[in-house]
Amino acid sequence: MTKVKIYLSNLAKYIEGNENGKWLQLPMESEKLHTFFNAIVGKNQESIILDYDAPFEISEWENVFSLNEFLQDINENGVDDLTTKIIFKIADSKEEAMEKLESGCYTIIDVDSVSYGWSCALNSEELYGMVLNEEGYNNLFEEPIPEDMIDYIDFSQVWTALSVNDGWQEVTINNQTYLVTTRI
């Protein structure tokens, strides 16, 4: 479940130097959010988001109620928090990320899991090319690479070609590396 924390404040009081904000965790029930909003910001007052903890950018002028609905929509799709964070890292906007999450049009590979026990002497591009080959995403060759030829393949070039042609990208979250494409 994707959750976001925002520090919500009353804009007028903030400008006057009277800090009155509070941290809220979204999403929450709409009625509960209205109650918190009115207690922090006040009825018919302008709000400002002074800080946030989220896998995507949040504007200080973001509509809190629209943000809450957006998060509810993400969670209704049943997508886990890690997947949400990964997709938001590669998407150009919240709307694009939401479209990808709703459609399920993405592939995510855990590089560390696939390459567990492999030589540490590989550079990252070689490693990524080998991981994509291992997982069956190396579509540069019509036939699987014969075992006796595998040592002669430049997997950094495989990575370059697949990242350009198939849109593979590298994403790191919490020191864990993933390869992601939204082109399927």
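A few remarks follow.
- The requirement of being of a type in the set (D, E, K, R) and over 30 Å from Ser66 (Cα atoms) is fulfilled somewhere in region 127-134, by at least one residue.
- Candidates are the residues of region 12-26 that are modelled with pLDDT of 95 or more and of a type outside the set (Phe, Trp, Tyr); the one that is farthest from Ala54 (Cα to Cα) is Lys22.
- Taking region 1-22 as the range and being under 27 Å from Leu101 (Cα atoms), open to solvent by 50 Å² or more (accessible area, probe 1.4 Å) and outside any loop (DSSP other than H, G, I, E, B) as the test, only Lys5 passes.
- Considering region 52-64, the residues that are at pLDDT 85 or above and open to solvent by less than 50 Å² (accessible area, probe 1.4 Å) include one that is farthest from Thr2 (Cα to Cα), namely Glu62.
- Annotation note: of Tyr137, Tyr106, Tyr116, the sole residue that is under 21 Å from the mean Cα position of the chain (by Cα), at pLDDT 85 or above and aromatic (Phe, Trp, Tyr) is Tyr106.
- Close contacts from region 132-144, counting a first residue that is farther than 14 Å from Trp168 by Cα and a second that is modelled with pLDDT under 90, with Cβ to Cβ under 8 Å and a gap of 6+ residues or different chains, come to none at all.
- Of Asp73, Asp112, Asp92, all but one fail to be in a loop (DSSP other than H, G, I, E, B), surrounded by fewer than 18 Cβ atoms within 10 Å (Cβ to Cβ) and of a type in the set (Asp, Glu); the exception is Asp92.
- Evaluation of Lys100 against (1) surrounded by 18 or more Cβ atoms within 10 Å (Cβ to Cβ); (2) of a type outside the set (A, V, I, L, M); (3) outside any loop (DSSP other than H, G, I, E, B); (4) in contact with a Leu (Cβ under 8 Å, 6 or more places away or on another chain) (one fails), failing number: (4)
- Residue count, region 162-182 (criterion: open to solvent by 30 Å² or more (accessible area, probe 1.4 Å) and not in a strand (DSSP E or B)): 7
- When Glu143 is tested against (1) within 15 Å of the chain's Cα centre (by Cα); (2) open to solvent by 40 Å² or more (accessible area, probe 1.4 Å); (3) among the charged types (D, E, K, R), just one condition goes unmet, and that condition is (1).
The values are calculated or read from the model by the stated rules, or taken from the named source; none is laboratory data. Everything numeric in this text was worked out from a predicted model, so none of it was measured. Glycine gets a Cβ as well: all are built from the backbone with ideal geometry, and neighbour counts include every protein chain shown. The protein model used for the area step is the full one, side chains on, heavy atoms only, and it has no ligands, DNA or RNA in it. Shrake-Rupley method; radii C 1.70, N 1.55, O 1.52, S 1.80 Å.
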